[in-house]
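The values are calculated or read from the model by the stated rules, or taken from the named source; none is laboratory data. These numbers were taken from a predicted model, which means no experiment stands behind them. All Cβ positions, glycine included, derive from the backbone under ideal geometry; neighbour counts span all protein chains shown. Please note that ligands, DNA and RNA were not included when accessible areas were found on the heavy atoms of the full protein model with its side chains. Shrake-Rupley method; radii C 1.70, N 1.55, O 1.52, S 1.80 Å.
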Amino acid sequence: MDGIQGTTVRAEYGDAAIAADVAGAHVISQAFPHTYGQPLAHFLSKTAKANVPDATIITEHPVVRVGIVFSGRQSPGGHNVIWGLYDAIKAHSSNSKLIGFLGGTDGLFAQKTMEITEEALSSYKNQGGYDMLGRTRDQIRTTEQVKAAMATCQALKLDALVIIGGVTSNTDAAQLAETFAELKCPTKVVGVPVTLNGDLRNQFVETTLGFDTICKVNSQLISNVCTDALSAEKYYYFIRLMGRKASHVALECALQSHPNMVILGEEVSMSKLTIFDITKQICDAVQARAEKDKYHGVVLIPEGLVESIPELYALLQEIHGLHNKGVSIENISSSLSPWASALFEFLPPFIRKQLLLHPESDDSAQLSQIETEKLLAQLVETEMNKRLKEGTYKGKKFNAICHFFGYQARGALPSKFDCDYAYSMMTVKRWSRGPAASQIGKPAVPMASVDLKGKAYELLRQNSSSFLMEDIYRNPGPLQFEGPGADTKPISLCVEDQDYMGRIKQLQEYLEKVKSIVKPGCSQDVLKAAVSAMASVTEMLAIMSSPSFGGQATI
């Protein structure tokens, strides 16, 4: 982030931000008429002026008042966002003020504040949690909430409001920015992608803050369990990992720790696997390992798997619909449709109770409370006992132990990567809005799922057979802040090669080289080759950029 170090800011403004789904651009532009299509801002290094002659140099920095609020589940590194923003605004003007809201968005609405000072920050630098300011509910959504937020910004004369959170919080931030622009409230709204789920990413945001920490801490715990399984040789461990609906955490932890199996929600959705299909997959794996005299193993499960299994997702939707109609929990089971009722009665009592929980504020299930790992372990045990009785399985009795890894890692000290990323990430982000509907009927920031055509998933698939049968468990060890292991990055980030702006600059360098070669005085052959090549390239790019092209990259 050299472009925002010191008191001189170098920025290059690009094309207008567009919708992730070009086909929905009209709908989104109608929903966000005041903020849609803003130019992308790219902050440059100190030496970039020579290579980017039209870069904007900003040297005047008025005194500003900035508010900051935690609006989302805690994620390692959140405190360093406050630290980085504090240092940035103070570097430009020592009279600028950073005001934190106590108790999350409830504190924002009630104008409960504390001024961020160097003294206040000293105990929270490089520390985990959100306890400096705290958090409560995770939304700025209703008309009353938006009015309260605007009243606070006006009363405190804020030049900007920084909202730290994930997909839902950044959707709310985008909608709040639109409302402020429409009502001519001068406060600018900035959303910061802080979520351990890793599901708020595109070519401009390669990873989210907290993802590296959660994966490293979880991977060490998983590896410890793998060692225990290999030592005892008689247990299968079913480990559910926090991460909401997307399976990024499960994928990254699998690449780091090499468990025997990982069930990704995106695979299940794509293949439309039922709970019985998944059970059979695991049972077949257990039986194959038993034939090699192996009666232990480790299976990773993302917490969002329950929403990826078609019949369980449909059941959840029906239950949530009854919740919305005011049906009491005691009467929901008797109000289900025949097929849903049959599935509900098939499930173990503990799962039934968990499925009946009221949904989250974004209308999703309370995934952290639904013990999918125990459901699968019980179904696998039942099927293995059945095979044993029928004589199709001749191994030892199946034994399962279940774990949920979430809160243990969520409050961890941030990794060196997340510490540095959080401190340096305070830069303008123009969020593009996808076509998905939010609770108040407007487009939402899209959640990024695991790309089943991506290099990280391909790497997992290449190694899945050896992971399953060979017990090549890997222990990355505890977080390192110095030495050779301190600068390691997520494997999924490294293999994807997502340096979007780097490739833009590389293209610009190639174009400059072409201009330096093809100019008056060059040979006819050089000129003809250049014209022919450029004609082919522009024709191909025009086709790829059209809305009808299926492989269009999203922003």
- Would you call ILE329 of a type in the set (Val, Ile, Thr) and open to solvent by 10 Å² or more (accessible area, probe 1.4 Å)? yes
- Task: Please tell me if ILE99 is open to solvent by 10 Å² or more (accessible area, probe 1.4 Å), touching an Asp or Glu at 6+ places or on another chain (Cβ under 9 Å) and closer than 24 Å to ASP172 by Cβ.
- Result: yes
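I want to confirm something. Restricting to the range 245-275 and keeping residues that are of a type in the set (D, E, K, R) and closer than 16 Å to LEU312 by Cβ, which single residue is most open to solvent (accessible area, probe 1.4 Å)?
Within the range 245-275, the first condition is being of a type in the set (D, E, K, R), and the residues that meet it are 245, 252, 266-267, 272.
Among the residues that remain, those that are also closer than 16 Å to LEU312 by Cβ are: 245, 266-267, 272.
Values: LYS245: 70, GLU266: 22, GLU267: 36, LYS272: 141 Å².
It comes out as LYS272.
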- Checking GLY67 against (1) of a type outside the set (Phe, Trp, Tyr); (2) modelled with pLDDT of 85 or more; (3) part of a loop (DSSP other than H, G, I, E, B), the condition it does not meet: (3)
- Which of the following residues is part of a helix (DSSP H, G or I), surrounded by 18 or more Cβ atoms within 10 Å (Cβ to Cβ) and within 28 Å of the chain's Cα centre (by Cα): VAL306, VAL298? VAL306
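Could you tell me whether the range 151-164 includes any residue that is surrounded by fewer than 20 Cβ atoms within 10 Å (Cβ to Cβ) and either among the acidic types (Asp, Glu) or under 23 Å from ALA422 (Cβ atoms) (or both)? Please lay out each step first, then the result.
Step one: list which residues in the range 151-164 are surrounded by fewer than 20 Cβ atoms within 10 Å (Cβ to Cβ), which gives 151, 154-157, 159-160.
Next, only the ones that are either among the acidic types (Asp, Glu) or under 23 Å from ALA422 (Cβ atoms) (or both) stay: 159-160.
Yes, the range 151-164 contains at least one residue that is surrounded by fewer than 20 Cβ atoms within 10 Å (Cβ to Cβ) and either among the acidic types (Asp, Glu) or under 23 Å from ALA422 (Cβ atoms) (or both).
Per-residue answers, yes or no, for (1) in contact (Cβ under 8 Å) with a residue 40 or more places away in the chain; (2) in contact with a Lys or Arg (Cβ under 9 Å, 6 or more places away or on another chain):
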{"residue": "LEU85", "(1), (2)": "yes, no"}
{"residue": "ALA91", "(1), (2)": "yes, no"}
{"residue": "LYS97", "(1), (2)": "no, yes"}
{"residue": "GLY104", "(1), (2)": "no, yes"}
{"residue": "LEU108", "(1), (2)": "yes, no"}
{"residue": "THR113", "(1), (2)": "yes, no"}
{"residue": "GLY128", "(1), (2)": "yes, yes"}
- Message: Testing GLN508 on (1) in the same structural domain as GLN220 (by the TED database); (2) exposed (fewer than 15 other Cβ atoms within 10 Å of the Cβ), one condition comes back false. Which one is that?
- Response: (1)
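Condition first: hydroxyl-bearing (Ser, Thr, Tyr) and either open to solvent by 10 Å² or more (accessible area, probe 1.4 Å) or not assigned by the TED database to the domain that holds GLN111 (or both). Now tell me which residues in the range 57-91 satisfy that. Break it down stepwise before answering.
Filtering the range 57-91 for residues hydroxyl-bearing (Ser, Thr, Tyr) gives 59, 71, 75, 86.
Within the range 57-91, THR59, TYR86 qualify.
Quick check on PHE346: is it aromatic (Phe, Trp, Tyr) and touching a residue at least 24 places away in the same chain (Cβ under 8 Å)?
Numbers: aromatic (Phe, Trp, Tyr): yes; touching a residue at least 24 places away in the same chain (Cβ under 8 Å): no.
For PHE346, the condition - aromatic (Phe, Trp, Tyr) and touching a residue at least 24 places away in the same chain (Cβ under 8 Å) - is not met.
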- Of the residues that make up the range 278-290, is at least one of a type outside the set (Asp, Glu), open to solvent by 20 Å² or more (accessible area, probe 1.4 Å) and either at pLDDT below 95 or not in a helix (DSSP H, G or I) (or both)? no
- Query: Which residues, counting only those in the range 347-406, are of a type in the set (Phe, Trp, Tyr) and either open to solvent by 60 Å² or more (accessible area, probe 1.4 Å) or more than 18 Å from GLY243 (Cα to Cα) (or both)?
  - Reply: PHE350, TYR393, PHE398
- Task: Can you tell me which residue within the range 452-496, out of those that are exposed (fewer than 14 other Cβ atoms within 10 Å of the Cβ) and acidic (Asp, Glu), is nearest to CYS226 (Cα to Cα)?
- Result: GLU470
- Of SER223, SER219, SER231, the only residue that is open to solvent by 10 Å² or more (accessible area, probe 1.4 Å) and either of a type outside the set (Val, Ile, Thr) or part of a loop (DSSP other than H, G, I, E, B) (or both) is SER231
- Note on the structure: Within the range 175-194, the residues that are open to solvent by less than 10 Å² (accessible area, probe 1.4 Å) and under 26 Å from PRO414 (Cβ atoms) are GLY191, VAL192, PRO193, VAL194
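When you look at ALA535, is it under 30 Å from ALA41 (Cα atoms), modelled with pLDDT of 90 or more and assigned to a helix (DSSP H, G or I), yes or no? Reasoning before the result, please.
Numbers: under 30 Å from ALA41 (Cα atoms): yes; modelled with pLDDT of 90 or more: yes; assigned to a helix (DSSP H, G or I): yes.
Answer is yes for this residue.
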- Message: I'm told ASP420 meets every condition in (1) surrounded by 21 or more Cβ atoms within 10 Å (Cβ to Cβ); (2) at pLDDT 90 or above; (3) out of contact with any Phe, Trp or Tyr (no Cβ under 9 Å at 6 or more places or on another chain) except one. Can you identify the failing condition by its number?
- Response: (1)
